[in-house]
1. Spot the failing condition for residue 62; the list is (1) closer than 20 Å to residue 81 by Cβ; (2) modelled with pLDDT under 80; (3) exposed (fewer than 14 other Cβ atoms within 10 Å of the Cβ); (4) not hydroxyl-bearing (Ser, Thr, Tyr), and only one is missed.
2. What are the pairs with Cβ atoms under 6 angstrom where one residue, in segment 73-88, is buried (at least 18 other Cβ atoms within 10 Å of the Cβ) and the other, located anywhere, is at pLDDT 80 or above and of a type in the set (Val, Ile, Thr)? Sequence gap at least six, or different chains.
3. Checking the conditions here, which among 45, 128, 32 is surrounded by 13 or more Cβ atoms within 10 Å (Cβ to Cβ) and within 15 Å of the chain's Cα centre (by Cα)?
4. Hey, can you tell me all the residues within segment 10-63 that are acidic (Asp, Glu), part of a strand (DSSP E or B) and touching a residue at least 40 places away in the same chain (Cβ under 8 Å)?
5. Considering 81, 76, which residue is under 21 Å from residue 127 (Cα atoms), in a loop (DSSP other than H, G, I, E, B) and hydrophobic (A, V, I, L, M, F, W, C)?
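The values are calculated or read from the model by the stated rules, or taken from the named source; none is laboratory data. If you're wondering where the values come from, they're calculated on a predicted model, not measured in any experiment. When we count neighbours, we look across all protein chains shown, and the Cβ atoms used for this are built from the backbone with ideal geometry, even at glycine.
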Amino acid sequence: MIELSAVSLFAGLPDKELAAIGRSLTEIRQPAGRQVVMAGATGAAFLVILEGEAEVELPGGGRRTLRPGDYYGEMALIDEAGRSATVTAKSDLRLLGMSKWEFKPFVGEHPEVAWRLLTTLTRRLREAETKLDSTG
């Protein structure tokens with residue numbers, strides 16, 4: 001089992017803050033083969049993978065694998081535009097989740113986590129722009 005301190009989003013945070021974060025997350029289990037989220041669907045949760053692997057499939061055909069410590073769902077909660085990809089459990093998943101109504105206050109109360117989310121979103125945007133530049 002991975003601990004919150006091993007999740008890049010939470011790494012290096014003080015124990016007191018990690019404990020508060022842990023209290024705001026709910027454990028969720030998903031069996032292998034289940035579509036956990038579907039592209040275009042309304043986002044209802046932010047999820048962190050504790051155990052197992054999931055496959056992300058983008059509408060344009062791109063794929064990547066998420067492993068323990070990875071997270072997803074934040075984009076749909078931030079812009080409320082729906083899920084940007086379909087995520088399917090490649091193996092049994094053990095997740096920690098936070099509902100959309102808890103997410104915004106949580107990010108506001110944890111500025112270091114907010115900054116890390118911005119860093120992740122910026123990296124994803126740069127990767128997407130690089131792919132667009134190489135195809136155009």
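1. (2)
2. Listed by first residue and then by second, the contacts come to 83/37; 85/56; 87/36; 87/37; 87/56.
3. Details: 128 fails: within 15 Å of the chain's Cα centre (by Cα); 32 fails: within 15 Å of the chain's Cα centre (by Cα).
Just one listed residue meets the conditions, 45.
4. First, the residues of segment 10-63 that are acidic (Asp, Glu): 15, 17, 27, 51, 53, 55, 57.
Next cut, part of a strand (DSSP E or B) only: 27, 51, 55, 57.
Once the filter is applied, which keeps residues that are acidic (Asp, Glu), part of a strand (DSSP E or B) and touching a residue at least 40 places away in the same chain (Cβ under 8 Å), segment 10-63 yields 27, 51.
5. Numbers: 76 fails: in a loop (DSSP other than H, G, I, E, B).
It is 81.
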